[in-house]
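The values are calculated or read from the model by the stated rules, or taken from the named source; none is laboratory data. Keep in mind that this is a model prediction, so the values were computed, not measured. Neighbour counts are summed over all protein chains in view; Cβ atoms, including those assigned to glycine, are modelled from backbone coordinates with ideal geometry.
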Amino acid sequence: MSQLKVYQYPKCSTCRAAVKWLKEQEHELDLQNIAEQPPTVEELRVLLKNSGLPLKKFFNTSGEVYKELNLKDKLAGLSEDEQLELLASHGMLIKRPVVTDGWKVTVGYKDEQYAEAWSNT
């Protein structure tokens, strides 16, 4: 199977479930703790482009940092660059896990989404 980069938070149960699923599929994983070492603005820009998702999908809208910064009201007024800077400076703002093989990207974890994206890679 392929080598996947996984931006995750080790204490997050969703991340642990995703990592377990990927290991069961025999993927080699490069695990990066998103709290200690968030992706850079450049990495986020590539992840965003390759994901095909709107930037808003990269935000952990149920997280404490998102709520503390009152981003529900502020996000729409920020430019894409400002939003990427925010994500790069606060790893806990990023919806996790983010998984990539360098081309394909998934954000969050759902069995069916992973089965489609990562079963035959």
Residues that are of a type in the set (S, T, N, Q), under 16 Å from ALA115 (Cα atoms) and modelled with pLDDT of 95 or more, drawn from segment 1-24: THR14
Looking at this structure, is LYS20 under 12 Å from VAL6 (Cβ atoms) and part of a helix (DSSP H, G or I)? yes
Just to verify a result, which residue in segment 101-121, among those that are in contact (Cβ under 8 Å) with a residue 60 or more places away in the chain and assigned to a helix (DSSP H, G or I), is surrounded by the fewest Cβ atoms within 10 Å (Cβ to Cβ)? ASP111
Here is a check on your reading of the model: is GLU26 acidic (Asp, Glu), in contact (Cβ under 8 Å) with a residue 12 or more places away in the chain and at positive phi? yes
Tell me which residues, restricted to segment 72-100, are within 19 Å of ALA17 (Cβ to Cβ) and outside any helix (DSSP H, G or I). ILE94, LYS95, ARG96, PRO97, VAL98, VAL99, THR100
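From the residues in segment 29-64 that are among the acidic types (Asp, Glu) and out of contact with any Gly (no Cβ under 9 Å at 6 or more places or on another chain), which one is farthest from SER2 (Cα to Cα)?
To start, the set of residues in segment 29-64 that are among the acidic types (Asp, Glu) comprises 30, 36, 42-43, 64.
Imposing the further condition that a residue be out of contact with any Gly (no Cβ under 9 Å at 6 or more places or on another chain) reduces the set to 30, 42-43, 64.
Numbers: ASP30: 11, GLU42: 23, GLU43: 20, GLU64: 34 Å.
Here the residue is GLU64.
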Among the residues of segment 33-52, is any surrounded by fewer than 16 Cβ atoms within 10 Å (Cβ to Cβ), of a type outside the set (A, V, I, L, M, F, W, C) and part of a strand (DSSP E or B)? yes
Exactly one condition in (1) of a type outside the set (Ser, Thr, Tyr); (2) more than 11 Å from ARG96 (Cα to Cα); (3) out of contact with any His (no Cβ under 8 Å at 6 or more places or on another chain) is false for LEU4; which is it? (3)
Can you tell me which residues in segment 1-17 are assigned to a helix (DSSP H, G or I) and in contact (Cβ under 8 Å) with a residue 40 or more places away in the chain? THR14, CYS15, ALA17
